[in-house]
């Protein structure tokens, strides 16, 4: 007991279940994987002041998430490097990841559709107004990263269909073709299990966790023009951002 | 073909695979579940201008995510209402969800630990400095919502251990006890599959998708004091926020 009568725990504390200790160590290691390196087991045992069993259990948890692999004769290697995508700064995927490899887009469907009210209401269009639909499987350096379902207001979307959508972000094309800067986007971020078909398209394990993002993007003048439903592979992408206790004061930060 | 030679698609388009159409409809319905209502199948067929098969497939996808259930003689009901947690505005869980029910916290572990460098480095503490560890299972109206692993700098954390942590947000207690306002928090948001033990603690299905949040919170003066690893049940919580194309201009928005 410390002088303040606070109980002292440790990562080897027998009162804590082995699984609880392993989770704790796995979470501390998780961030390390974002930068792509991982020390050996003896170093981890020393660093975390814990048992070899707890370190192994923690590595097992990260391996089950597809982030690391144990290679015979080599040790533990990071195989599932996660890339960070901005929660605050509105950027296209190629804009964000340009230093990590080429983003290419496989066009799975493009065309005009008569959108249901669920779409037209968000885009502030009259019921039954046609919108442009674009469905893309997006890859980074050849490997699937996300499956994007995009609905665009017609005047913005139609010119896009004549552009090279396989090699350009929709955001960049919208700004180039409209001569207008994008403004803000409303995001909803969820974790969902991949259905069988989405998993197959994304070349992900059945049932694997996806980061699902709904994003409504406005032009700088506030008009909503682009509604997207994006499924990111959970093992390949994380989102990063900043929250503020007093949002009104953000200007002074 | 329209006059602009843009191909016309529809939600019943035979060129599109049935699974692709179902995903499209499921995504449009997803937002509807956040508000807790869902029309019957005939209404959905009419609204989306699609076949009954596509509507049923879409509902199957949402049912597999644990969001809806088909009850004999009743129809489809929303069982997995998702609550929204702010990505921009830094609020505790009880502060955010107070209108939806009482947040209670089951304390799974509390005490001082000798933190590894992975923790002390983030909290800008010397190596080997003790930190306060708090592990909580958080419930909304009795049902598990998240499992939180919290590391606090000692001067902020120790006084907290003498407070009613079962019924108060850590954020609120920190501000009350330090007399200081919180400032900003750095967030990383990921989707991960629940390991067996985390799933059991959260009373979630094995392997179910969790929204995993790492959050480093600073006092208003910029000092990092609170590092958390939070596993939210993916079927119960979504995060909402706003991204800006030109972050430097946010003050003028």
- Query: Tally time: how many residues in segment A:60-77 are in a helix (DSSP H, G or I) and crowded, with 22+ Cβ neighbours inside 10 Å?
  - Reply: 2
- Task: Determine, yes or no, whether residue A:216 is assigned to a strand (DSSP E or B), more than 7 Å from every other protein chain (Cβ to nearest Cβ) and surrounded by fewer than 22 Cβ atoms within 10 Å (Cβ to Cβ).
- Result: yes
- Tell me, please, whether a residue that is touching a residue at least 40 places away in the same chain (Cβ under 8 Å) and either part of a helix (DSSP H, G or I) or out of contact with any helix residue (DSSP H, G or I) (no Cβ under 9 Å at 6 or more places or on another chain) (or both) can be found in segment B:40-51. no
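Let me confirm something: among B:184, B:96, which residue is modelled with pLDDT under 90 and not in a loop (DSSP other than H, G, I, E, B)?
B:96
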- Item | Candidate set: segment B:81-90, residues that are part of a loop (DSSP other than H, G, I, E, B) and surrounded by 17 or more Cβ atoms within 10 Å (Cβ to Cβ); chosen: the one nearest to the other protein chains (Cβ to nearest Cβ) | B:90
- Query: So how many residues does segment B:196-213 have that are in a loop (DSSP other than H, G, I, E, B) and within 21 Å of residue B:105 (Cβ to Cβ)?
  - Reply: 3
- Note on the structure: residue A:143 fails exactly one of (1) within 11 Å of chain B (Cβ to nearest Cβ); (2) over 27 Å from residue A:220 (Cβ atoms); (3) touching a residue at least 60 places away in the same chain (Cβ under 8 Å), namely (1)
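When you go through A:33, A:38 one by one, which is the residue that is crowded, with 16+ Cβ neighbours inside 10 Å, under 21 Å from residue A:211 (Cα atoms) and at pLDDT below 90?
Values: A:38 fails: under 21 Å from residue A:211 (Cα atoms).
Testing whether each residue is crowded, with 16+ Cβ neighbours inside 10 Å, under 21 Å from residue A:211 (Cα atoms) and at pLDDT below 90 leaves just A:33.
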- Select from segment B:100-118 the residues that are in contact (Cβ under 8 Å) with a residue 12 or more places away in the chain and more than 23 Å from residue B:172 (Cβ to Cβ) and write down the one among them that is farthest from the other protein chains (Cβ to nearest Cβ). B:115
- Task: Would you point out which residue out of A:56, A:32 is free of Cβ contacts under 8 Å to residues at least 40 places away in the same chain and within 11 Å of another protein chain (Cβ to nearest Cβ)?
- Result: A:32
- Note on residue B:19: of the conditions (1) assigned to a loop (DSSP other than H, G, I, E, B); (2) at pLDDT below 85, unmet is (1)
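Mind checking which residues of segment A:112-159 are part of a loop (DSSP other than H, G, I, E, B) and surrounded by fewer than 17 Cβ atoms within 10 Å (Cβ to Cβ)? Let's see the steps before the verdict.
Quick first cut of segment A:112-159, residues part of a loop (DSSP other than H, G, I, E, B) only: A:115-116, A:121-129, A:141-142.
A:121, A:124, A:126, A:127, A:128, A:129, A:141, A:142, listed by residue number.
Residue by residue, here is whether (1) under 14 Å from the mean Cα position of the chain (by Cα); (2) within 30 Å of residue B:170 (Cα to Cα) holds:
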| residue | (1), (2) |
| --- | --- |
| B:47 | no, no |
| B:52 | no, no |
| B:56 | no, no |
| B:67 | no, yes |
| B:71 | no, no |
| B:78 | no, no |
| B:82 | yes, yes |
| B:86 | yes, yes |
| B:92 | yes, yes |
- Message: Tell me whether segment A:179-193 contains one or more residues that are surrounded by fewer than 23 Cβ atoms within 10 Å (Cβ to Cβ), in contact (Cβ under 8 Å) with a residue 60 or more places away in the chain, more than 7 Å from every other protein chain (Cβ to nearest Cβ) and in contact with a helix residue (DSSP H, G or I) (Cβ under 9 Å, 6 or more places away or on another chain).
- Response: no
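For residue A:210, indicate whether it is in contact with a strand residue (DSSP E or B) (Cβ under 7 Å, 6 or more places away or on another chain), buried (at least 18 other Cβ atoms within 10 Å of the Cβ) and farther than 21 Å from residue B:82 by Cα. Spell out the reasoning first.
Working: in contact with a strand residue (DSSP E or B) (Cβ under 7 Å, 6 or more places away or on another chain): yes; buried (at least 18 other Cβ atoms within 10 Å of the Cβ): yes; farther than 21 Å from residue B:82 by Cα: no.
So residue A:210 fails the test.
Just to be sure, is residue A:227 closer than 22 Å to residue A:106 by Cβ and touching a helix residue (DSSP H, G or I) at 6+ places or on another chain (Cβ under 7 Å)? Before you say what the answer is, go through the steps one by one.
On the way: closer than 22 Å to residue A:106 by Cβ: yes; touching a helix residue (DSSP H, G or I) at 6+ places or on another chain (Cβ under 7 Å): yes.
For residue A:227, the condition - closer than 22 Å to residue A:106 by Cβ and touching a helix residue (DSSP H, G or I) at 6+ places or on another chain (Cβ under 7 Å) - is met.
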- So, of the residues in segment B:219-253 that are more than 8 Å from every other protein chain (Cβ to nearest Cβ) and assigned to a helix (DSSP H, G or I), which turns out to be modelled with the lowest pLDDT? B:252
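The values are calculated or read from the model by the stated rules, or taken from the named source; none is laboratory data. Treat the numbers as computed from the prediction; the structure is a model and nothing was measured. Don't worry about glycine lacking a Cβ; one is built from the backbone with ideal geometry, like all the others, and counts go over all protein chains shown.
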